[in-house]
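Working notes, structure below.
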Amino acid sequence: MCGIVGYIGNREVFPILLKGLKRLEYRGYDSAGIAILNGDLHVYKKAGKVSDLEKHIADSDVTSTIGIGHTRWATHGAPNDENAHPHLSQSGNLTIIHNGIIENYASIKTELKGRGYTFHSDTDTEVLINLIEEIKKQEKCTLEDAVRIALNQVIGAYAIVVMDKNNPNQLIAARKGSPLVLGIGEKEFFIASDASPIVEYTKNVVYLDDQEYAVINRTGDFYIKTLGNVEKSPAIQKLEMSIEAIEKGGFEHFMLKEIYEQPKVIADSLRGRMSAVEGWIKLGGLDEYINRINNAHRIIITACGTSWHSGLIGEYLIEELARVNVEVEYASEFRYRNPIINSSDVVLAISQSGETADTLAAIELAKERQALIYGICNVIGSSIARVSHAGSYTHAGPEIGVASTKAFSTQVSILILIALQIAKHKGTIANSKLREILYELENIPKKVEKALALDEQVKEIAAIYKDAPNFLYLGRGLNFPVALEGALKLKEISYIHAEGYPAAEMKHGPIALIDEAMPVVFLATNQSAYEKIISNIQEVKARKGKVIAIVNEGDTEIKEIADHVIEVPATEEILSPLVTIVPLQLLSYHIAVMRGANVDQPRNLAKSVTVE
Ligand code: M6R
């Protein structure tokens with residue numbers, strides 16, 4: 001995905017664009033660019049980070065009150081200066097920024113080449129702006145009409161903003177499949193991929209819907225139309241985001257800030273949704289469909305990456321507590337394998353961003369087959385939240401570090417509530433047990449805080465193993481998905497090869513990897529499989545592997561055999577992932593920092609994968 005930002009009004013545009021791009025940089029960071037209109041269109045773009053663009057522009061005159069900016073995650077064409085956005089049309093009169101993919105760009109490009117167009121980049125975006133220019137010329141129409149006609153011809157996903165050299169009083173923005181927020185100020189407008197570049201200027205926003213475009217004018221008036229040319233009355237909403245939430249607040253990296261926010265956001269995700277004293281749980285979205293969910297033939301959980309790992313925890317929880325058959329599917333596989341699914345199924349779609357292309361496609365498929373879709377999203381107003389029949393927000397607040405941390409914990413909190421609510425309704429859990437769990441759940445933020453206090457110890461362990469080329473993460477039961485998540489965190493930010501396995505599965509292959517150079521992280525907090533985990537640790541030690549064990553406070557047995565033990569507060573086993581994940585997040589963070597990796601913007605990754 002990419003980040004896009006635009007502004008028209010009375011302020012100097014450059015600082016708004018630059019700050020906006022810095023805030024959106026988590027969405028893509030292989031090149032960046034801006035275009036401003038100041039008599040002529042001036043485009044500045046550079047491969048690399050927004051800071052490289054800033055240096056590149058340093059001596060230029062960027063005085064203007066209208067402009068657009070882009071930070072890119074490459075899809076079509078290498079991340080170089082030429083492929084960076086904005087792109088100009090052939091005449092140099094129009095410029096565009098684009099997030100998404102135009103799938104039929106090749107055939108349009110061939111046709112445009114036949115009409116004398118030449119191209120300076122490998123991007124689908126340059127094709128789109130030239131298509132708009134060609135339509136404007138052929139049809140002798142306004143830019144608005146040309147944009148609308150062009151967008152009716154293209155196949156794919158986009159959020160775009162178009163600026164016209166000959167009209168310094170207007171910007172046109174459109175979306176299909178990629179998010180776009182319009183900020184409405186006093187005779188000024190902001191447009192961005194998310195609200196972070198907007199929040200300090202105005203709280204009034206409109207989230208554009210798919211196949212809609214906005215025409216915004218310097219005079220302060222604007223309108224929104226569908227691609228069918230029908231005007232829509234804009235639904236103006238109040239932003240709830242705060243500036244503090246999108247700044248580092250004294251932490252060196254967003255990832256560390258977000259790891260440390262977990263006690264608070266877990267509490268936020270539970271607030272108003274349960275009471276231990278009164279013994280109730282109430283997720284608004286679930287309540288409405290509880291009978292259908294109760295009678296579901298099965299629940300299918302679909303997601304990608306970290307959200308898929310929390311889905312695996314959901315499977316354990318729902319099957320254990322509510323006794324409903326659950327299957328967990330990678331959205332990217334589910335969408336293409338003609339799954340057997342019908343109106344008696346319920347699909348839980350989990351996504352931090354709410355924009356992941358594969359998860360969205362999986363939802364569409366399940367919806368076509370009449371399944372009930374329940375979305376668990378973090379980003380308010382996101383596509384998945386909108387297409388779901390019902391759902392719950394995780395309330396983690398903006399997650400900016402590319403490696404997901406607090407989103408995971410809050411997804412797990414919601415899944416715990418879902419499992420308990422269904423269990424209560426079905427009568428598969430005794431009231432006394434339910435209360436016990438709810439009391440413990442209320443206590444969990446404090447226990448997560450205690451786990452965070454282990455930071456220094458984890459850092460010391462990180463210093464010992466930071467140069468290891470491989471890591472194994474092993475866990476049983478609910479700790480198996482935690483092992484997968486720990487391994488993913490290490491891979492994505494420190495570029496160390498890491499594998500997560502069910503601890504008992506180790507004997508069936510991975511054990512061959514173990515020698516004195518292999519650090520093995522054991523999640524060993526399970527009361528139910530404690531002896532078995534000890535055997536697994538012995539097996540690793542017998543082969544000279546180095547064992548880092550996450551154990552419950554006061555554990556003495558594992559201390560005897562492991563090389564390092566990290567003692568986390570004990571809790572109800574079904575809640576333990578919320579605690580055991582913390583040292584794994586910290587371990588990956590410190591190793592990455594020690595290796596000099598860019599923690600918040602790991603190579604090749606983007607925060608949300610809005611392309612296939
Ligand atoms: O926004 P989503 O939760 O749908 O994103 C899913 C994955 O792309 C995401 O979890 C990814 O794996 C993260 N980089 C993990 O840290």
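The table for this structure:
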item	result
Rounded to whole Hz, the Karplus (6.51, -1.76, 1.60) HN-Hα couplings of region 472-482, x for glycine and proline	10, 10, 10, x, 10, x, 4, 7, 5, x, 5
Net charge dipole size for the chain [Lys, Arg +1 and Asp, Glu -1 on Cβ; Debye, nearest 20]	580
Antiparallel DSSP beta bridges within the chain, percent to nearest 5	60
Restraint check, Lys22/Lys257; Lys248/Lys546; Lys446/Lys541; Lys49/Lys113; Lys257/Lys607; Lys136/Lys176, Cα-Cα greater than 24 Å	Lys248/Lys546; Lys446/Lys541; Lys49/Lys113
D_trans [Stokes-Einstein, Kirkwood Rh over alpha-carbon pairs] for region 17-126, 20 °C, 1.002 mPa s, µm² s⁻¹	150
Where only C-alpha atoms are counted, convex hull volume of region 132-268 per residue in Å³	147
Three-way shape label, region 73-142, alpha-carbon gyration tensor, a/c 1.5	prolate
Only Lys, Arg (+1) and Asp, Glu (-1) charged, at Cβ; region 248-451 dipole about Cα centre in debye	380
For the chain: relative contact order, % (alpha-carbon pairs under 8 angstrom, 6 or more apart)	11
Cβ-based charge dipole, the chain, positive-most Cα from Cys377, Gly397, Ile129	Ile129
Net dipole in debye of region 3-245 [+1 Lys, Arg Cβ; -1 Asp, Glu Cβ; about Cα centre; nearest 20]	120
Paramagnetic reach from Thr226 in region 370-401 [backbone N under 17 Å; point 7 Å along Cα→Cβ]	387
Accessible area of the chain divided out per residue, in Å², using a probe of 1.4 angstrom	37
With every protein chain in place, the chain: carbon and sulfur % of accessible area (1.4 Å)	49
Simple label model, 7 Å out from Cα along Cβ direction - Glu560 to Asp59, nm	7.2
Rounded to 10°, Cα long-axis angle of helix 431-452 versus longest principal axis of the chain	70
Kirkwood Rh (inverse of mean 1/r, distinct Cα pairs), region 453-599, angstrom	14.8
Relative packing of 393-399, 90-96, which averages over residues the other C-beta atoms within 10 Å, highest first	393-399, 90-96
Dipole axis of the chain (+1 Lys, Arg; -1 Asp, Glu on Cβ), positive-most option in Val520, Ile224, Ser351	Ile224
Dimensions (Å) - region 215-273, Cα atoms, principal axes, largest first	47, 32, 19
The chain: calculated mean residue ellipticity at 222 nm from DSSP helix runs of at least 4, using -39500 (n - 2.57)	-11500 deg cm²/dmol
Asn338/Ile155 FRET efficiency (R0 25 Å; Cβ-Cβ; nearest 0.05)	0.65
For region 248-451: rounded, prolate or oblate by the Cα gyration tensor [a/c cutoff 1.5]	oblate
Integer Hz, Karplus 6.51/-1.76/1.60 couplings in order for region 388-401, x for Gly and Pro	6, 5, 8, x, 9, 7, 8, 6, 7, x, x, 9, 9, x
Projected-area mean, region 392-454, by convex hull of Cα positions, square nanometres	5.4
Reduced Cα scattering model of the chain, Debye log10 I(q)/I(0), q = 0.07, 0.11, 0.12 Å⁻¹	-0.46, -1.04, -1.19
Neighbour net charge for Arg273 - beta-carbon separation under 15 angstrom, K R +1, D E -1	-2
Sorted largest first, extent of region 3-245 alpha carbons per principal axis (Å)	51, 43, 32
Dipole axis of the chain (+1 Lys, Arg; -1 Asp, Glu on Cβ), positive-most option in Asn295, Leu490, Ala32	Asn295
Quarter of Cα convex hull surface for region 444-530, i.e. mean projection, nm²	6.4
Under Karplus coefficients 6.51, -1.76 and 1.60, residue-wise ³J(HN,Hα) of region 167-176 in Hz, glycine/proline x	9, x, 10, 8, 10, 10, 10, 8, 9, 8
Pair-distance profile P(r), taking every C-alpha pair of region 463-508, with 10 angstrom steps and integer %	30, 50, 20, 0
Helix 13-24 vs. the chain, principal-axis angle (Cα, 0 to 90°, nearest 10)	30
Burial ranking of peptide ranges 130-136, 505-511 (average Cβ count within 10 Å, highest at the top)	130-136, 505-511
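The values are calculated or read from the model by the stated rules, or taken from the named source; none is laboratory data. A quick note: this is a predicted structure, and the numbers were derived from the prediction, not measured. No Cβ is skipped: glycine too gets one built from the backbone with ideal geometry, and neighbour counts run over all protein chains shown. The area values use the complete protein model at the heavy-atom level, side chains included, leaving out ligands, DNA and RNA. Shrake-Rupley method; radii C 1.70, N 1.55, O 1.52, S 1.80 Å.
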